1. Restricting to segment 7-36, and then to whatever is in a loop (DSSP other than H, G, I, E, B) and in contact with a helix residue (DSSP H, G or I) (Cβ under 9 Å, 6 or more places away or on another chain), can you tell me which residue is surrounded by the fewest Cβ atoms within 10 Å (Cβ to Cβ)?
2. Looking at GLY227, GLY153, GLY192, GLY159 in this structure, which one is of a type in the set (Gly, Ala, Ser), under 20 Å from VAL262 (Cα atoms) and either buried (at least 17 other Cβ atoms within 10 Å of the Cβ) or at pLDDT 85 or above (or both)?
3. Where in segment 53-92 are the strands (runs of 3 or more DSSP E), entirely inside, with at least 2 residues that are out of contact with any helix residue (DSSP H, G or I) (no Cβ under 8 Å at 6 or more places or on another chain) and more than 23 Å from GLY153 (Cβ to Cβ)?
4. Go through the residues of segment 289-296 one by one and say whether even a single one is of a type in the set (Val, Ile, Thr) and touching a residue at least 24 places away in the same chain (Cβ under 8 Å).
5. Kindly check whether there is at least one residue in segment 90-98 that is among the charged types (D, E, K, R) and more than 15 Å from ARG150 (Cβ to Cβ).
6. If I filter segment 263-286 for residues that are among the β-branched types (Val, Ile, Thr), in contact with a Leu (Cβ under 9 Å, 6 or more places away or on another chain), not assigned by TED's automatic domain parsing to the domain that holds ILE54 and not in a helix (DSSP H, G or I), do I get at least one hit?
7. From the list ALA193, ALA229, ALA170, exactly one residue is more than 28 Å from ALA283 (Cα to Cα), without any contact (Cβ under 8 Å) to a residue 60 or more places away in the chain and among the small types (Gly, Ala, Ser). Which is it?
8. Could you list, ordered by first residue, the pairs with Cβ atoms under 9 Å in which the first is in segment 67-88 and closer than 19 Å to LEU131 by Cα and at pLDDT 85 or above and the second is in a helix (DSSP H, G or I) and of a type in the set (Val, Ile, Thr), at least 6 apart or interchain?
Amino acid sequence: MYESYPIAARPPWERFDFFKGLLDDVFCPMQLDAQRSVRESFTGRVEVAQLGGIKLARVATGPLSVKRRIQDIACISDPPYLVKFQLRGESMWSQRARTVHMRPGDFIICSTAEPYALELCGDYEMSVLMLARSMMMCLAADPNRFLGLRMSGEDADCGLLSSFVGQIAARMARLPMLVVHRLEANVLDLLGAALNARSGATAVSREQLLAQIQVYVQAHLHDRQLGPAMVAAAFGVSTRMVHSVFEREPMTLGRYIRALRVAACRRALEGPGSERVSLTEVALQYGFYDLSHMTRCFRREYGEPPRRFLVRNRGRN
């Protein structure tokens with residue numbers, strides 16, 4: 001899903017307030033301020049795309065002051081993390097009594113559960129990833145240790161991630177759906193690797209490893225090779241360790257993967273635009289070898305083949 005908001009189509013005197021309302025809706029409630037001359041000639045752009053379980057936004061604006069206050073935090077129940085990538089311009093970012101100077105190529109991690117401040121020094125553009133707290137906790141055992149720290153675009157891994165996210169943001173209006181889940185997986189892999197490389201992480205508990213594997217699996221459903229060997233290689237553990245992590249769970253890893261794939265196919269068949277959906281494309285998109293493979297798994301899970309389910313769903317719409 002992609003949306004672009006027509007800020008330039010609004011009357012000049014409405015643009016600043018319209019832009020502020022957009023940021024409140026897309027991210028979280030916050031306070032914006034700018035000089036009168038900036039308000040009167042305000043220009044800006046906001047684009048948003050859903051990449052699987054994460055949201056990606058591209059925001060452009062002129063010089064602004066941004067603050068998230070304690071009273072703003074109370075307005076949402078599950079405040080997400082924001083990963084902000086500087087594409088153009090410079091800014092001063094503050095959280096947890098840390099202030100850093102951000103330049104193009106840098107990124108910073110922000111918790112919307114805590115106050116922060118951002119000074120945009122001139123014409124400015126950034127890409128922003130929005131991740132649920134549960135997802136961020138699976139990428140790094142203690143993500144809050146990175147709050148208010150500059151992740152330098154001069155570092156090889158951070159620069160690669162920043163460039164990759166910027167390229168996705170520049171093309172998000174044209175991304176085919178079959179590519180979206182692959183991009184989500186790649187972004188999460190790069191971000192997790194960059195954070196863990198700086199965390200000095202030691203051995204994780206079974207519960208932490210389970211949560212991390214579950215996030216990894218959800219982001220890699222498209223990959224036909226997804227299984228115990230692929231997961232073990234991704235986490236640097238043995239396949240025996242992977243199987244042992246799931247011993248106390250209701251499903252084995254293989255069963256868990258199949259259940260997620262079938263559920264993803266069902267959502268695709270009952271979602272908007274289902275009248276134009278191709279069963280074969282859906283099967284391949286979520287990692288099944290072919291339509292017959294998806295049909296067998298779908299029937300086992302829901303008691304009917306996907307084609308019949310699709311016909312019934314079309315009849316209800």
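1. Let us first name the residues in segment 7-36 that are in a loop (DSSP other than H, G, I, E, B), namely 10-11, 27-30, 34-35.
Retained after the next criterion (residues that are in contact with a helix residue (DSSP H, G or I) (Cβ under 9 Å, 6 or more places away or on another chain)): 10, 28-30, 34.
Values: ARG10: 15, CYS28: 19, PRO29: 17, MET30: 19, ALA34: 19.
By that ranking, first place goes to ARG10.
2. Working: GLY153 fails: under 20 Å from VAL262 (Cα atoms); GLY192 fails: under 20 Å from VAL262 (Cα atoms); GLY159 fails: under 20 Å from VAL262 (Cα atoms).
Result of the check over GLY227, GLY153, GLY192, GLY159: GLY227.
3. On the way: elements: 54-61, 64-68, 81-88.
The strands (runs of 3 or more DSSP E) meeting that bar are 64-68.
4. Residues of segment 289-296 that are of a type in the set (Val, Ile, Thr), as a first pass: 295.
Still in the running and touching a residue at least 24 places away in the same chain (Cβ under 8 Å): none.
No, that holds for no residue.
5. From segment 90-98, those among the charged types (D, E, K, R) are 90, 96, 98; that's our starting set.
Subsequent filtering for residues that are more than 15 Å from ARG150 (Cβ to Cβ) retains none.
The answer is no; no qualifying residue exists.
6. Here is the first cut: in segment 263-286, the residues among the β-branched types (Val, Ile, Thr) are 277, 280, 282.
Next cut, in contact with a Leu (Cβ under 9 Å, 6 or more places away or on another chain) only: 277, 280, 282.
Subset that is not assigned by TED's automatic domain parsing to the domain that holds ILE54: 277, 280, 282.
Adding the requirement that they be not in a helix (DSSP H, G or I) leaves 277.
Checking segment 263-286: at least one residue is among the β-branched types (Val, Ile, Thr), in contact with a Leu (Cβ under 9 Å, 6 or more places away or on another chain), not assigned by TED's automatic domain parsing to the domain that holds ILE54 and not in a helix (DSSP H, G or I).
7. On the way: ALA229 fails: more than 28 Å from ALA283 (Cα to Cα); ALA170 fails: without any contact (Cβ under 8 Å) to a residue 60 or more places away in the chain.
Criteria check complete, one pass: ALA193.
8. Going by the 9 Å Cβ cut-off, the qualifying pairs are PRO79/ILE73; VAL83/VAL165; PHE85/VAL165.
The values are calculated or read from the model by the stated rules, or taken from the named source; none is laboratory data. Predicted, not measured: the structure shown is a model, and the values here were computed from it. FYI the Cβ positions are ideal-geometry reconstructions off the backbone, even for glycines, and counts take in every protein chain you see.
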